[in-house]
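Structure record follows, encoded as structure tokens.
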Amino acid sequence: MTENVDGMTAAPLDSERVRAFLLFNPDFVREDAELFAQMAQRDTGEGIIDLGGAARAKLLAELRQLKSLNSSIIETARANLATQSQIHMAVLALLETDSLAALDRKISSRLTGALGVDVCRVLIEGHAPLPAGESILGAAEGFVGEVLGHKVERLGPVNPELAHALYGQQGKRVKSEAIVRLDFNGHDGLMAVAARDHTLFESGQGTELLNFLARCVERMITRWLHAS
């Protein structure tokens, strides 16, 4: 019997050709967990312990775990790339602003949307550059130290004692936050983002993108502070 592939007649598929193919491509079997399991099965007599079968079963379980882990890594990488793209687009939008007031509005709208958070605040000790600012606000001397201590950043649950000072009325609703220390020409400051989702920011998460964003915002605000 022959097999037609793309209009061409293939040679008969016999056991010798299958054997030659498998010998030349051993990964074909090893990478297919179900096929590997079927080929590895072997009947044993009653009461006989099949050590080889146990070893094969263990190998098969490990293979399935590795495939699952590989899929998880791929999905995480895709999510990270998507987040990175969103932050880069948000930074480009912030760079288009032509005044500190415009930057303040973009942080309140475009940036919070890009990050998927409910509120974003930038606080500057001893300096309130915008009397009616929404996101770029002044803070009392020593406030940054009260929030962060000697740390450069903090991720985790919102501190209810500081929630109102950081987020205003929205401090009652947000559950998790990420805070990064900033420096505005000698004025201590911070950028804080918070969300109602209590799992969005957790201790131990990577902060490379968050720090990149914070440094961009820091430089843009410093430029306008210097200009004023």
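The numbers here are math on the coordinates, done by the rules we state, and not lab data. From a predicted model like this one, the values you see are computed outputs, not experimental measurements. Glycine also receives a Cβ, built like all others from the backbone with ideal geometry; neighbour counts cover every protein chain displayed.
Can you pull out every residue in the stretch 171-185 that is part of a strand (DSSP E or B) and of a type in the set (Gly, Ala, Ser)?
Scanning the stretch 171-185 gives 176, 178.
Name the one entry in 154, 219 that is of a type in the set (D, E, K, R), at negative phi, part of a strand (DSSP E or B) and out of contact with any Pro (no Cβ under 9 Å at 6 or more places or on another chain).
154
Here are some residues: 138, 145. Which one is on the phi < 0 side of the Ramachandran plot, outside any helix (DSSP H, G or I) and among the small types (Gly, Ala, Ser)?
Exactly one residue qualifies, and that residue is 138.
Can you tell me which condition residue 129 does not meet? The list is (1) closer than 25 Å to residue 106 by Cβ; (2) not in a loop (DSSP other than H, G, I, E, B), and all the others hold.
Status for residue 129: all satisfied but (2).
Please determine, by comparing only the residues of the stretch 115-135 that are more than 26 Å from the chain's Cα centre (by Cα) and closer than 13 Å to residue 182 by Cα, which one is surrounded by the most Cβ atoms within 10 Å (Cβ to Cβ).
Residue satisfying both the conditions and the ranking: 124.
Within the stretch 176-214, can you find the residues that are free of Cβ contacts under 8 Å to residues at least 24 places away in the same chain and surrounded by 13 or more Cβ atoms within 10 Å (Cβ to Cβ)?
The one that is free of Cβ contacts under 8 Å to residues at least 24 places away in the same chain and surrounded by 13 or more Cβ atoms within 10 Å (Cβ to Cβ): 197.
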